[in-house]
Amino acid sequence: EAGVTQFPSHSVIEKGQTVTLRCDPISGHDNLYWYRRVMGKEIKFLLHFVKESKQDESGMPNNRFLAERTGGTYSTLKVQPAELEDSGVYFCASRSSGANVLTFGAGSRLTVL
Amino acid sequence: EDQVTQSPEALRLQEGESSSLNCSYTVSGLRGLFWYRQDPGKGPEFLFTLYSAGEEKEKERLKATLTKKESFLHITAPKPEDSATYLCAVQLSVAGNKLTFGGGTRVLVKP
């Protein structure tokens with residue numbers, strides 16, 4: 001079984017530019033989560049999809065972040081415009097509806113200069 | 001405010017030197033406590049879930065325990081391949097399966 005796949009693994013952009021991160025969850029996993037770890041801090045929840053619907057987006061920092069999950073398969077997280085404080089590692093995780101354990105991807109490292 | 005605190009932040013062990021990692025939590029309505037292992041450049045990898053005080057889980061050299069206020073991850077006779085960051089996370093009753101993480105403990109086991 002393929003795991004959770006994230007792309008790109010590392011992105012370096014200038015402040016003010018736009019970046020789109022992609023997550024492919026494990027096939028059949030209806031639940032998809034985005035988390036973020038900024039330098040020196042703990043991993044923090046951003047949002048949760050159930051299929052294509054946003055179940056909980058209470059962790060999204062501001063309206064520069066837009067998450068989508070069209071068709072309930074892969075998800076994208078767009079940051080526009082990027083700020084310096086957005087630098088960090090963005091993790092995606094998924095789980096099936098009957099399970100309680102999240103499977104994480106390797107993360108996408110974002111560096112904003 | 002819900003808080004999860006892990007200690008120590010870093011731990012250096014000699015191969016074979018057993019030790020324990022602590023995860024203390026102050027939350028309302030604990031649904032479950034999770035331990036994950038994270039290697040450099042990778043995502044967190046699931047180890048254990050504990051649901052009630054007194055519960056224990058074991059896997060190879062690792063043993064996790066849970067009380068009403070904290071959890072311990074005991075590493076018995078560690079090997080260099082046990083070097084990693086160990087993350088503790090809590091799942092709250094009203095939080096829809098989302099996890100609140102602690103800062104992690106970086107463990108280095110020297111041969």
Expected single match for touching a Leu at 6+ places or on another chain (Cβ under 9 Å), open to solvent by 50 Å² or more (accessible area, probe 1.4 Å) and of a type outside the set (Lys, Arg) among B:Gly32, B:Gly54 is B:Gly54
From the option list B:Lys68, B:Lys59, single residue qualifying as surrounded by fewer than 14 Cβ atoms within 10 Å (Cβ to Cβ) and out of contact with any strand residue (DSSP E or B) (no Cβ under 8 Å at 6 or more places or on another chain) is B:Lys68
In the range A:96-113, anything of a type in the set (Gly, Ala, Ser), in contact with an Asp or Glu (Cβ under 9 Å, 6 or more places away or on another chain) and either surrounded by 20 or more Cβ atoms within 10 Å (Cβ to Cβ) or facing chain B (nearest Cβ under 8 Å) (or both) is listed as A:Gly105
Residues of the range A:55-95 being at pLDDT below 95, closer than 18 Å to A:His29 by Cα and open to solvent by 40 Å² or more (accessible area, probe 1.4 Å), in sequence order, are A:Gln55, A:Thr70, A:Gly71, A:Thr73
Quick count over the range A:1-29, residues being assigned to a loop (DSSP other than H, G, I, E, B), within 14 Å of A:Thr76 (Cα to Cα) and of a type outside the set (Ser, Thr, Tyr), is 3
Residue count, the range A:30-45, condition assigned to a loop (DSSP other than H, G, I, E, B) and surrounded by fewer than 22 Cβ atoms within 10 Å (Cβ to Cβ), comes to 6
Of the listed residues (B:Gly96, B:Gly103), the one being in contact with a strand residue (DSSP E or B) (Cβ under 7 Å, 6 or more places away or on another chain), outside any strand (DSSP E or B) and at pLDDT below 95 is B:Gly96
Among residues of the range B:35-51 being outside any loop (DSSP other than H, G, I, E, B) and open to solvent by 30 Å² or more (accessible area, probe 1.4 Å), the residue farthest from the other protein chains (Cβ to nearest Cβ) is B:Arg37
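The values are calculated or read from the model by the stated rules, or taken from the named source; none is laboratory data. Note that the coordinates shown come from a computational prediction; the quantities given were computed from them, not determined experimentally. With ideal geometry, Cβ positions are generated from the backbone for all residues, glycine too; neighbour counts draw on all protein chains shown. Areas reflect the complete protein model, heavy atoms only, side chains present, ligands, DNA and RNA absent. Shrake-Rupley method; radii C 1.70, N 1.55, O 1.52, S 1.80 Å.
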